[in-house]
Each structure stands twice: as structure tokens, then as C-alpha cells.
Amino acid sequence: MIDHALQASALDVTSLSLAAVYAQAYIEPLDPGPAQEAVVELEELAELLAQQRGARELLTAATLTRRSRLEAVRHIFAGRVSERLESLLAVLARHGRLGVLGAIAHQARRLLRVRQGTLKVTVSSAVELSDQQRQEIAAALSQALSSNLLLETRVEPELVAGLSIRVGDRLLDASVRARLRQLRRQLSGGRLSTP
């Protein structure tokens, strides 16, 4: 996946909202199989462009006219990508929005997961979780959320102990780090009561 490939310009809310609109238009009319293929192709292209030094700058250069940008897209991608992706690239070129391609790929993957009833869940822990622990956490979360999960685990030693679980934009932080932060806020605000 290319979550890490989101361009800096795509991290603001407006760009992400715009990317979601393009992503929806890109995969909405497709059946599940073709939608999956279209998203994979989009992700691969976004990843390739993110890795190619100067590619993004060339396609998003302010010095290019709309017509020049569109001609460049047609020249570079015609016959090398699907017609669907070429059409998306042409629309983005016409509107000067090729810079949000990575964000569109990210949003398309997210929309595809929603369509498939799959939630992406990120579980962070202070130490590496065993396979059994991952399976138990996945089973418990899948049951609690009544959904299929795409479970991603991360090691974050600064958590000290416990877990941090992110589902979409919701965060459940049951780590020692979170508890220490809460105590610090209470102490600094004079709100800690003593028996």
C-alpha cells in the first residue's frame, strides 16, 4: 500500500476531500474485481511517480500550460496504463491537480475497503506482539466492530506498556504513556485529588 506516499500537498483537508471525490468517481461504477484492479494500478503508478526523482515536479510544474500538461500526460501514459487511469490523469492534468495523485490512490484504497466491509486497524504496542496475540486482538476487534479487519501492527517503545488502537480516525489509547500524560495534566491543573 502507499499510505507513506501521500505527498505533502495532499495532507491538508481540502486536498484530501478533493482526492476522495476523484477516488469515488474513479472506482464507483466498477464491480468489485475491476475496482480492485483499478485501485492497484492507481497505487502502483502513484508509487512509481513518488519514487521517480523529478516526475512529480515535471507533471505539476506551474510553468506548464494546461494544454502542455495534458499533452505530456497523453504522451507519457497513452497505451501504458488502462484507459480508465489515462482518463483520470487527463482530468487531473486539465485541472492542474496531478499533485494529489498519491492522495487519490490512498482514498481509493480506503473506499474499496469500505465497500468490501473491511476496516483498517492499526495496533501499536511497546513490544513486538506474538502471532497468537495478534490473532486474539484481531478476533476481539473483529467481533467488537462487526467487521472484517486489515490489521497492521507497529512497535512504539515510547508507549511503555499497553496498546494504542486506531480504527479510521478514532483512537483508543490504553498505554502507560497516555495514562502518564493524563496524570501530568491533572497535576499541572491542580485537579488530582488525594484521599
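Observations on the structure shown:
- Of the criteria (1) more than 24 Å from the chain's Cα centre (by Cα); (2) under 25 Å from SER15 (Cα atoms), which one ARG179 fails: (2)
- Looking across the stretch 116-131, the residues that are of a type outside the set (Gly, Ala, Ser) and within 21 Å of VAL160 (Cα to Cα) come down to VAL121, THR122, VAL123, VAL127, GLU128, LEU129, ASP131.
- Selected residue (only one of ILE137, ILE104 is assigned to a helix (DSSP H, G or I), outside the structural domain of LEU16 (by TED's automatic domain parsing) and surrounded by 13 or more Cβ atoms within 10 Å (Cβ to Cβ)): ILE137
- Within the stretch 16-66, tally of residues that are in a helix (DSSP H, G or I), without any contact (Cβ under 8 Å) to a residue 60 or more places away in the chain and acidic (Asp, Glu): 5
- Residues being assigned to a helix (DSSP H, G or I) and either in contact (Cβ under 8 Å) with a residue 60 or more places away in the chain or of a type in the set (A, V, I, L, M) (or both) - total across the stretch 70-80: 4
- For the stretch 64-87, taking the residues that are of a type in the set (Val, Ile, Thr) and surrounded by 16 or more Cβ atoms within 10 Å (Cβ to Cβ), the one that is nearest to the chain's Cα centre (by Cα) is identified as VAL81.
Yes/no matrix, rows are residues, columns are (1) at pLDDT 90 or above; (2) in a helix (DSSP H, G or I); (3) of a type in the set (Ser, Thr, Tyr); (4) in contact with a Leu (Cβ under 8 Å, 6 or more places away or on another chain):
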residue: SER68; (1), (2), (3), (4): no, yes, yes, no
residue: LEU88; (1), (2), (3), (4): yes, yes, no, yes
residue: LEU111; (1), (2), (3), (4): no, yes, no, no
residue: ARG115; (1), (2), (3), (4): no, yes, no, no
residue: LEU129; (1), (2), (3), (4): no, no, no, no
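- Check on LEU58, under 23 Å from the mean Cα position of the chain (by Cα) and either surrounded by 14 or more Cβ atoms within 10 Å (Cβ to Cβ) or within 30 Å of VAL155 (Cβ to Cβ) (or both): no
- Condition met for LEU192 (over 18 Å from the mean Cα position of the chain (by Cα), of a type in the set (A, V, I, L, M) and at pLDDT 75 or above): no
The values are calculated or read from the model by the stated rules, or taken from the named source; none is laboratory data. Because the structure is predicted, anything quoted here is derived from the model rather than measured. All Cβ positions, glycine included, derive from the backbone under ideal geometry; neighbour counts span all protein chains shown.
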